[in-house]
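The values are calculated or read from the model by the stated rules, or taken from the named source; none is laboratory data. Everything numeric in this text was worked out from a predicted model, so none of it was measured. Reconstructed Cβ throughout: ideal geometry from the backbone, glycine too, with neighbour counts over all protein chains shown. Calculation scope for accessible area: heavy atoms of the full protein, side chains included, ligands and nucleic acids excluded. Shrake-Rupley method; radii C 1.70, N 1.55, O 1.52, S 1.80 Å.
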Amino acid sequence: MLVVRAGVATVQDLGRPGYRAAGLPPGGAADRFALRLANTLVGNAETAAAIEIALGDFEFEAAAAGTVGTAGAIASVAVGDLTFPGGAGLSVRPGDRVRVRPDPAGRFGYLAVSGGIDVPLVLGSRSTYLPTGLGGQAGRRLQAGDRLRVGTSAGPAARRAAPAIPREDRPIRLCAGPQAGNFPFEAFQRLVGEPYRLSPTSDRMGSRLKGAALPLLRAASLPSEGTAVGAIQVPDDGQPIVILPDGPTVGGYPKIGVVASVDWGHFAQTPLGGTVQFEWISVAEAHRAARQAAAGQAALLTALRSP
Amino acid sequence: MTTRPPRLAPLGDAAITVTYADRIDDVVHARLGADARRVAAALGSAVEVVPAYSALTIHYDPAHWSFAELRDRLLPILAGPGGTAAPAPGPLIEVPVRYDGEDLDAVARATGLTSVEVITRHTGPEYRVYLLGFVPGFAYLGPLDPALVLPRRATPRPRVPSGSVAIAGSQTGIYPAATPGGWHLLGRTAVPLFDPARDPPALLAVGDRVRFVAER
């Protein structure tokens, strides 16, 4: 496929866990379920590489026949003169111009093509790690003129569209972190009190939140220790920074809590400038919710794959 | 010397933090490094262990473990033998450096040493790798000779030369790529700090020892 127009778009798959001790974060799609869904729509394995669209329209010219599918924050897909809502698998023929338009109600959209995006594997993954230019398409964002190879093997495309998954207006669930002693009780109340707004300076490394400043009991800098995806760091100015898949693996800021894994994708989909409301849950509740969601997602994908 | 047992706490629902101390201590660090290896040996790819200055972070799949299950598997490993005996030191890696960094003269002025003395004091010690982070392959090394201790630069550079050897506070490190950087640049090495084609990809690992060698 030939990229004709791209804003902020990178090749991503489900990432490369296992190298955090070397300073390389796991990376991969910010909304993992949306990537898996887009892949399923076009008959790919869930782990195939697709295009994560974070900003701007994405337009390409197909060089071969195949199927394209989208999931996540995608408003529409135009193939030639015909426009379709996001979420269905669409046939394309060689020479077709395809334009994918993001949905401003979310933040990350996924475009999968049958066969998967075939860029070289780096440490077992095709995900793009921008800070040091690792993986993906030459370690960088996609740009007009890029010719992307597409794999040749894919199963049958899904025979129906994905059910519309409306963006639920519910709080993002948080679990405690180990540094409770660094914060006065008021900090925990403030974090779930009023909504926070997502700064436009947010990227795949972290979501910067603007809102009620969180007070700290001690100096902000501790000996650096391991962080995690979803961890909410609080620097001196009290404005929280939530770690996303390409975020640093270690850090010295105290962490007030961590987004529950079940809500990582939902949180990542908070649009730039949009608001997010948090609520506290226990780790046990988080695990229950994660297992329930995983089962529901697996059932949905299995149903799409069935004839 | 007796050591307190480390404290385990959830870091969200997909990681656990094991805290050994609230400050940097070489004996503690050696112990947590040994614990990290034991945990990795016992649990394999079911977990991912990340050592730091005074804590371990253990990442796990919340679909496979509950916090209580993993904690119960970890406690016996962390309380295991090791006690007061210092674990064997890690391998020594010598890193050749061309000491022509942009900040070498400024560091000399700020510390009241000559450039030659700065180089001598930087190449003297055997440094310990405390942790890797910031970007892939960036190792935090220490402790630096106290005569070289300076706060980091007031204004970080948006881009430092790849392979830059630098200092800040009581640490020294090597930038694996041309990234932003706020440390003082003493020189450069051509040795790759991170190579995805190599196994393991990072040159340095926690617990290794590093000595810098001045190139002619």
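Per residue, chain A exposes an accessible area of 40 Å² to a 1.4 Å probe, with every protein chain left in place. Which log10 I(q)/I(0) values, to two decimals, does the stretch A:1-56 give at q = 0.17, 0.29 Å⁻¹ under the Debye formula with one point per Cα? For the requested q values the scattering log ratios are -0.62, -1.12. Normalise the Debye intensity by I(0) for the stretch B:125-194, one equal point scatterer per Cα, no solvent, then take log10 at q = 0.27 Å⁻¹ and round to two decimals. Values, matching the q order: -1.37.
Here the stretch A:35-63 is scanned for amide nitrogen atoms under 13 Å from the site 7 Å beyond the Cα of residue A:97 along Cα-to-Cβ, giving A:59-62.
Within the protein assembly as shown, the proportion of C-alpha pairs whose separation exceeds 39 Å stands at 29%.
Just so you know, the averaged projected area of the alpha carbon convex hull for chain A sits at 15.0 nm². Radius of gyration over Kirkwood radius for the stretch B:31-145, both on Cα atoms: the Rg/Rh ratio is 1.12.
Buried surface between chains B and A: roughly 2800 Å² of accessible area, summed over both sides, computed with a 1.4 Å probe on protein heavy atoms only. For residue A:1, the accessible surface of its heavy atoms amounts to roughly 20 Å² (probe 1.4 Å, protein chains only, rounded to the nearest 10). Fraction of C-alpha pairs exceeding 13 angstrom in the stretch B:165-212: 62 percent, rounded to a whole number. Note that the stretch A:19-100, at 4 °C in a medium of 1.567 mPa s, gets a Stokes-Einstein diffusion coefficient of 95 µm²/s from its Kirkwood radius over C-alpha pairs. Our summary of shape: the Cα atoms of the stretch A:160-307 have principal axis extents of 59, 31, 27 Å, ordered from largest down, in whole angstrom.
Among residues other than residue B:98 with Cβ under 10 Å from its Cβ, the summed charge is 0 (Lys and Arg +1, Asp and Glu -1).
Residues B:159, B:73, A:190, ordered by accessible area of protein heavy atoms at a 1.4 angstrom probe radius and largest first, appear as B:159, B:73, A:190.
Between the stretch A:83-97 and the stretch B:24-98, the alpha-carbon centres lie 50 Å apart. Our summary of shape: the Cα atoms of the stretch B:1-54 have principal axis extents of 33, 24, 16 Å, ordered from largest down, in whole angstrom. Here, the stretch A:77-153 yields an orientationally averaged convex hull projection of 6.6 nm² when only Cα atoms define the hull.
Counting every Cα pair in chain B, what percent are over 28 Å apart? More than 28 Å apart: 36 percent of the Cα pairs in chain B. Across all C-alpha atoms in the stretch A:64-199, the radius of gyration and Dmax reach 20.1, 61 Å.
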